[in-house]
Each structure stands twice: as C-alpha cells, then as structure tokens.
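This report refers to the structure that appears directly beneath it.
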Amino acid sequence: MSAIDRVRILVLGDSGVGKTSFVHLAAHNEPLRSPSWTVGCSVEVKLHEYKEGMKEQKTFFIEFWDIGGSHSHRNSRPVFYNPCHGAILVHDLTNGKSEKNLHKWVREIGRNKRERKESNSLSIVSSSSLLVNEFDQESFIGNTLIPYIVIGTKLDQLDARKTRLEIMASHLGCDEIVMDCRQTRYLAAGTSNAVKLSRFYDKAIEMRSKSHKDSFTERFGDPISPILSTKFYSPHQD
Ligand SMILES: Nc1nc2c(ncn2[C@@H]2O[C@H](COP(=O)(O)OP(=O)(O)O)[C@@H](O)[C@H]2O)c(=O)[nH]1
Ligand SMILES: [Mg+2]
C-alpha cells in the first residue's frame, strides 16, 4: 500500500480568537472542552478524501499547523511556514481588530514565500510591495499565493442585530465560515460550511501538487520537455 500524502495547512490569527478550538472540531468532529494555551505550534491531523465521489478521488492527510498567535513568537514562526499549501485565517467576530490583523498574517506568509523564492533565484512578488505597512490591496493580493479560508468565531456572542461585511474574505476572494467553535453542528457533514472546508482542502491539495511540480521543474527542467524525455524517460533510446 502506498503512503498517504500529507498537506500542510497553517492556522493563523491572534491569540484567543479560537484557533485551537476550531482545529479540534475540524479534526475530531467534537468540541474542545478546555482549550489550553498553545505554546509555539501544535499539529492536528485528519484524513480527507480529495474529490470525493469522482474518479480522481484520493485520500490525503490534512495537517493543521496551529501556530501560537503571540507577538513574542514572531521570529520563530517562519520555521513552520515552509512548505505550506494553504492557510486558515481565524478571527473573533466580536473583536473587529482581530479581523484587521489578519492582513499581517497574510503579509507574513507572503514575505516568507518571497524570501524562499528569492533564495531559489525566482522572485515573483515585487519587493516594493512588501515594504508597505498600511494595507494596500494590490500588494496584498500579490501575496496571495496559496488558498485561504476565513473562519469567524464566537458567532454565539455576536449581537444578532449587527450586520457584518466579510472584508477579509472578499479581499482574498475566498470563502468565509462564521460559527461557534464549541458546536459540532456548524461543521456537520453535508452543511454548506462542510462543503466550503472540503473545497478548501481540495485546493490546498492541488497547491501541493503544483509546488511539487514547480520544485521539480526548478531543479531538473520541465519534465515533459523533449530533451528530458529523450534523456531520462525513454528507455528505448540509445
Ligand atoms: N463563546 C465562544 N467561545 C469560543 C469560541 N471559540 C473559542 N472560544 C473560547 O475562546 C477561548 C480561546 O480559544 P482558543 O481556541 O484557545 O483560542 P486560540 O488562542 O486562538 O487557540 C477559549 O476559552 C474557547 O473556549 C466560540 O466560537 N464561541
Ligand atoms: Mg491556541
């Protein structure tokens, strides 16, 4: 039996927004009764069926890398950013600042990806765009190299009369799920939230395949180029 491939998904957001609670519910289908402080990083795993019900169906391990949101861990966090195939951005619906702060997390990923690309002599994001401290949509979108999904937590504590705009999700052009992380029904199979999450995992899996192909191409050239196919892939060539 072949080994099951793994996909790394970062779970980012300020401290206390509900990252650990969300991950526990997503990975185990049950709420976390007493969350403890996440020190550094913790990893939870779940099995996911890519393109379930279709001929491309395949099982993957989704790894949730729940990274401590504390400012003091800022310098050590990049260690966890590579490889990274997608990111779950978590904010607390009762705390508007936690949604605004998601921009910082996206920028941190963008900066990291860029530094890695540059070290491979392949810069694809203009460096000037990353020096901007204020939110700048153009540079921001330029950094969105991986799939995202936004999770708004603590829906149970939100004043029902308040309407809210999905600011972050619309900037990123991704889905948003609003929920109470202590209630299983918000991610129950067959719900629109479960469909959104599943679609996000599939995109992350596709990103993984793409990044594997890119790193192969960077090292060895295009695998389907005629030169390579003659040299390495055709056993009948002299
Ligand atoms: N009422 C409510 N509390 C939540 C929700 N999600 C998380 N919490 C609580 O918020 C606190 C921080 O959650 P935690 O998952 O540790 O946040 P993290 O620091 O981002 O990992 C805990 O007391 C959780 O029980 C939610 O959707 N509703
Ligand atoms: Mg935590």
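The values are calculated or read from the model by the stated rules, or taken from the named source; none is laboratory data. Predicted, not measured: the structure shown is a model, and the values here were computed from it. Glycine also receives a Cβ, built like all others from the backbone with ideal geometry; neighbour counts cover every protein chain displayed.
Go through 43, 7 for me and flag whichever is surrounded by fewer than 18 Cβ atoms within 10 Å (Cβ to Cβ), at pLDDT 90 or above and not small (Gly, Ala, Ser). Answer to the selection: 43.
Answer yes or no: is there a residue in the stretch 69-77 that is at pLDDT below 95, surrounded by 22 or more Cβ atoms within 10 Å (Cβ to Cβ) and away from ligand 1 (no atom under 16 Å from the Cβ). So far as the stretch 69-77 goes, no, none of its residues is at pLDDT below 95, surrounded by 22 or more Cβ atoms within 10 Å (Cβ to Cβ) and away from ligand 1 (no atom under 16 Å from the Cβ). For first residues located in the stretch 33-47 and within 12 Å of residue 19 (Cβ to Cβ), partners that are within 11 Å of ligand 2 (Cβ to nearest atom) and part of a loop (DSSP other than H, G, I, E, B) and lie 6+ apart or on another chain with Cβ distances below 7 Å form the pairs 38/68; 41/68. Restricting the stretch 159-205 to residues that are modelled with pLDDT under 95 and not in a loop (DSSP other than H, G, I, E, B), the residue that is surrounded by the fewest Cβ atoms within 10 Å (Cβ to Cβ) is 170. Residue under question is residue 17, and the condition is that it be under 20 Å from residue 109 (Cα atoms), modelled with pLDDT of 95 or more and within 16 Å of ligand 1 (Cβ to nearest atom); does it hold? For residue 17, the condition - under 20 Å from residue 109 (Cα atoms), modelled with pLDDT of 95 or more and within 16 Å of ligand 1 (Cβ to nearest atom) - is met.
Can you tell me which residue in the stretch 35-61 is farthest from ligand 2 (Cβ to nearest atom), limited to those that are assigned to a strand (DSSP E or B) and among the aliphatic types (A, V, I, L, M)? Even if it seems obvious, please write down each step before you answer.
Kept after step one, since they are assigned to a strand (DSSP E or B), are these residues of the stretch 35-61: 41-50, 58-61.
Retained after the next criterion (residues that are among the aliphatic types (A, V, I, L, M)): 43, 45, 47.
Details: 43: 12, 45: 16, 47: 23 Å.
Ranking the candidates gives 47 first.
Of the residues 27, 87, the single one that is in a helix (DSSP H, G or I) and either small (Gly, Ala, Ser) or at pLDDT below 95 (or both) is 27.
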